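Q: To start, I am sharing the structure in question, which I have written as structure tokens.
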């Protein structure tokens, strides 16, 4: 099977590509290697992934429809996993047009190519942020999506609607996966767990926004990859699934657990709430369990211990 993975040099994409290569799939990666964070990190990810098989890599912006068409023509993928996006709630507040161009127009370019080529499954990476201000807990896939609170969230919801359009109009098998705060080795450096671990081990202040009682549903990378692969292997006419740990913890508790894993106390600095943040995320994963067989296996304590060990070995030891 030939799989095209957009964003395959990133955190989730590199783990997915590595998994697919290990099980004998042919993988082509499209990634812009932009400077949202140090591109060298992504190059290192690709080098690690390439150790496990013959990876075809294309440094391409998904807004470049002509180049994408050339890649599709050359690679002739059977399935597409679309992970490439401008990520992050807070950065989207200062660059909404960029987020719209990459996350919406870029997705549309890919869907147009999937319409023209014989693609048997399209898997789209969405986000728990689409739920926005949602008073019903846990979040379920059939909840109304009416109050996204950031441009990033809005672009992800727009992407889901475009995927439905193409599934409905052109019979493209397609699945949207709403990820809930993914963490683990190779996590992007600006994400909470990575940033907190870095500052705790370096003796720097950890910035705590609000009163520390906001809650997040954290999901270990291996569980997310497992969910993506199950969606990839089980095409649906159209479906949306939550992929989460389904066990949210407060920000205060998260920092305490990182302290425990690191064996170092954090120096906390309390700051006001940030625009675009939501008070809680909490995945109802019943649908994914029943229809995909998705079952998160790595609890937060275990996952944080693995992440801190990876960080110490790969990053902190070199500082």
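Q: Of all the helices (runs of 4 or more DSSP H) wholly in the stretch 220-319, which have at least 3 residues that are closer than 28 Å to residue 124 by Cα and in contact (Cβ under 8 Å) with a residue 12 or more places away in the chain? Spell out the reasoning first.
A: On the way: elements: 221-233, 251-262, 286-292, 300-314.
In the stretch 220-319, the matching helices (runs of 4 or more DSSP H) lie at 221-233, 286-292, 300-314.
Q: Still on this structure: Assuming residue 242 fulfils every condition listed in (1) out of contact with any strand residue (DSSP E or B) (no Cβ under 6 Å at 6 or more places or on another chain); (2) crowded, with 19+ Cβ neighbours inside 10 Å apart from one, which condition is it?
A: So the condition that residue 242 fails would be (1).
Q: Could you please let me know if residue 178 is within 22 Å of residue 248 (Cβ to Cβ), under 13 Å from the mean Cα position of the chain (by Cα) and outside any helix (DSSP H, G or I)?
A: Against the criterion (within 22 Å of residue 248 (Cβ to Cβ), under 13 Å from the mean Cα position of the chain (by Cα) and outside any helix (DSSP H, G or I)), residue 178 qualifies.
Q: Hey, another quick one. Just checking, how many residues over the stretch 192-212 are outside any helix (DSSP H, G or I) and in contact (Cβ under 8 Å) with a residue 60 or more places away in the chain? Before you say what the answer is, go through the steps one by one.
A: Taking the stretch 192-212 first, the residues outside any helix (DSSP H, G or I) are 203-212.
Checking which are in contact (Cβ under 8 Å) with a residue 60 or more places away in the chain leaves us with 203-210.
The qualifying residues number 8.
Q: Going by what's in this entry, would residue 122 be described as farther than 18 Å from residue 21 by Cβ, under 18 Å from the mean Cα position of the chain (by Cα), buried (at least 16 other Cβ atoms within 10 Å of the Cβ) and at pLDDT 95 or above? Give the derivation first.
A: Details: farther than 18 Å from residue 21 by Cβ: yes; under 18 Å from the mean Cα position of the chain (by Cα): yes; buried (at least 16 other Cβ atoms within 10 Å of the Cβ): yes; at pLDDT 95 or above: yes.
Judged against the criteria, residue 122 is a match.
Q: Buried (at least 22 other Cβ atoms within 10 Å of the Cβ), in contact with a helix residue (DSSP H, G or I) (Cβ under 7 Å, 6 or more places away or on another chain) and either at pLDDT below 95 or closer than 21 Å to residue 77 by Cβ (or both), is that true of residue 106? Working first, answer last.
A: On the way: buried (at least 22 other Cβ atoms within 10 Å of the Cβ): yes; in contact with a helix residue (DSSP H, G or I) (Cβ under 7 Å, 6 or more places away or on another chain): no; either at pLDDT below 95 or closer than 21 Å to residue 77 by Cβ (or both): yes.
No; evaluated as a whole, the condition is false for this residue.
Q: Tell me whether the stretch 157-178 contains one or more residues that are within 30 Å of residue 309 (Cβ to Cβ) and modelled with pLDDT of 95 or more. Break it down into steps so the answer makes sense when it comes.
A: Going through the stretch 157-178, the residues within 30 Å of residue 309 (Cβ to Cβ) turn out to be 177-178.
If we keep only those that are modelled with pLDDT of 95 or more as well, we get 177-178.
Scanning the stretch 157-178, I find at least one residue that is within 30 Å of residue 309 (Cβ to Cβ) and modelled with pLDDT of 95 or more, so the answer is yes.
The values are calculated or read from the model by the stated rules, or taken from the named source; none is laboratory data. Just so you know, these numbers come straight off a predicted model, no measurement behind them. Neighbour counts are summed over all protein chains in view; Cβ atoms, including those assigned to glycine, are modelled from backbone coordinates with ideal geometry.
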